[in-house]
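See below for the structure under consideration.
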Amino acid sequence: MNGRKFDLILSTHDTLNYLRNEEELKKVFSRVQSHLKPEGLFFSI
């Protein structure tokens, strides 16, 4: 994403449930954090 920042990141269809271990979950949240604006929101639905 070339360092782009977003106000909202939306994860749909239980995406996080398909991660296989804690390390993958940590990677996802690290990536989400790096692409959210300071007051941005992350929703997993």
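Excluding residues fewer than 8 places away in the same chain, name every one of the aspartates and glutamates whose C-alpha is closer than 16 Å to that of residue 5.
Leaving aside aspartates and glutamates fewer than 8 places away in the same chain, those within reach of residue 5 are 39.
Assuming R0 = 25 Å, can you tell me the calculated FRET efficiency for the pair residue 16 and residue 39, based on Cβ-Cβ distance, to the nearest 0.05?
Numbers: r = 22 Å, r/R0 = 0.88.
That pair, residue 16 with residue 39, gives E of 0.70.
Tell me, which longest segment in the chain has none of the trypsin sites (Lys or Arg not before Pro) that fall in DSSP loops with at most 12 further Cβ atoms within 10 Å?
No qualifying site falls inside 21-45, the longest such stretch.
Rounded to two decimal places and with Rh computed the Kirkwood way over Cα pairs, what is Rg over Rh for the chain? List each step's numbers first, then the result.
Values: Rg = 10.8 Å, Rh = 11.1 Å.
Taking Rh as the inverse mean 1/r over Cα pairs, Rg/Rh reads 0.98.
Can you list residues from other chains, or at least 5 along the same chain, whose modelled amide H is less than 5 Å from the amide H of residue 11?
The list, which skips near neighbours in sequence, is 43, 44, 45.
In degrees between 0 and 90, to the nearest 10, how far off the longest principal axis of the chain does helix 22-35 point, with axes built from Cα atoms?
Between helix and principal axis, roughly 10 degrees.
Once label points are set 7 Å from the Cα along Cα→Cβ at both residue 4 and residue 26, what is their separation, rounded to one decimal in nm?
2.9
Readers should treat all values here as calculations from the given coordinates under stated rules, not as data from a laboratory. None of the values given here were measured: they were computed from a predicted structure. Virtual Cβ from ideal backbone geometry, glycine too; neighbours counted across all protein chains shown.
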